[in-house]
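**Q** Okay, handing you the structure first.
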Amino acid sequence: MIMSSSSYTNSPCAACKFLRRKCMPDCIFAPYFPPEEPQKFANVHKIFGASNVSKLLNEVQPNQREDAVNSLAYEAEARIKDPVYGCVGAISVLQRQVIRLQKELDATNADLIRYTCTDITNQDSRRIGEEGGSSLGQSPHEGFYYPSTPWNNDPLGDGYHTGGDNTM
Ligand SMILES: [Zn+2]
């Protein structure tokens with residue numbers, strides 16, 4: 001009895017069991033499709049076909065075969081769940097999320113810059129407002145609107161502002 005071959009002879013791999021064939025000691029599927037995970041091979045076979053998978057595995061270096069099988073299994077499962085988009089559906093959802101979060105981050109950074117600038121201009125304009133307020137007694141609103149003027153005219157602020165609007 002040879003110890004190493006006993007695992008193959010005891011129970012066929014998921015692929016050979018599915019295909020109802022004898023699992024040979026040199027079976028290309030055996031290391032990647034253990035009998036405990038029958039669904040993994042069923043999915044991959046349904047989407048890619050067993051002969052294409054075996055061809056693909058033979059073209060790949062042995063140390064990369066596990067990664068290849070895992071990606072095939074992932075793609076097959078996604079394609080079964082979503083026959084139209086497969087894993088591309090998940091990729092585009094995540095890409096859109098990245099773009100949205102990037103815009104949100106840009107807008108938040110712009111707000112941060114604006115608030116920092118407003119704090120400085122507020123301190124300046126309050127002093128101006130107090131001085132001018134007594135002479136312009138007829139318009140109490142002047143003091144509220146005055147601080148907003150400097151950063152509305154700021155070309156940097158406008159550029160960031162349009163970027164923020166696009167997120168909506
Ligand atoms: Zn096998």
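Read-outs: derived from the displayed coordinates by stated rules, not from any lab. No experiment lies behind these values; they were computed from the predicted model shown. All Cβ positions, glycine included, derive from the backbone under ideal geometry; neighbour counts span all protein chains shown.
**Q** Pop out the ³J(HN,Hα) list for region 30-40 in order, Karplus 6.51 cos²θ - 1.76 cosθ + 1.60 with θ = phi - 60°, rounded to Hz; leave Gly and Pro as x.
**A** Residue by residue, region 30-40 yields 3, x, 10, 10, x, x, 6, 10, x, 5, 4 Hz.
**Q** Within a 10 angstrom radius of the beta carbon, how do 16, 87 rank from fewest other beta carbons to most?
**A** The fewest-first ordering by Cβ neighbours comes to 87, 16.
**Q** Let me ask you something else. When the Karplus curve 6.51 cos²θ - 1.76 cosθ + 1.60 is applied with θ = phi - 60°, which whole-Hz ³J(HN,Hα) does each residue of region 70-75 get, with x for Gly and Pro?
**A** 3J(HN,Hα) across region 70-75, in whole Hz: 4, 6, 5, 5, 5, 4.
**Q** Next question. Could you grab the relative contact order for region 3-81? Cα pairs under 8 Å, six or more apart, rounded to a whole percent.
**A** Across region 3-81, relative contact order equals 26 percent.
**Q** What distance in nm separates the two pseudo spin-label positions at residue 97 and residue 26, each 7 Å out from Cα along the beta-carbon direction?
**A** Reported label-point gap for residue 97 and residue 26 is 4.5 nm.
**Q** When only DSSP loop residues count, what chymotrypsin sites (Phe, Trp or Tyr not before Pro) in region 15-106 have their Cβ near at most 15 other Cβ atoms within 10 Å?
**A** Passing sites in region 15-106 are 85.
**Q** For region 49-100, what is the convex hull (Cα atoms) projected area averaged across all directions, in square nanometres?
**A** Over all viewing directions, region 49-100 projects a mean Cα-hull area of 4.5 nm².
**Q** Using 0.36 nm per residue, how much length does the chain from residue 88 to residue 63 gain when fully extended, once their Cα-Cα distance is taken away?
**A** Stretched fully, the residue 88-residue 63 segment lengthens by 6.4 nm.
**Q** A further question follows. Ranked by Cβ crowding within 10 angstrom, fewest neighbours first, how are 75, 59, 66 ordered?
**A** Lowest to highest Cβ neighbour count: 59, 66, 75.
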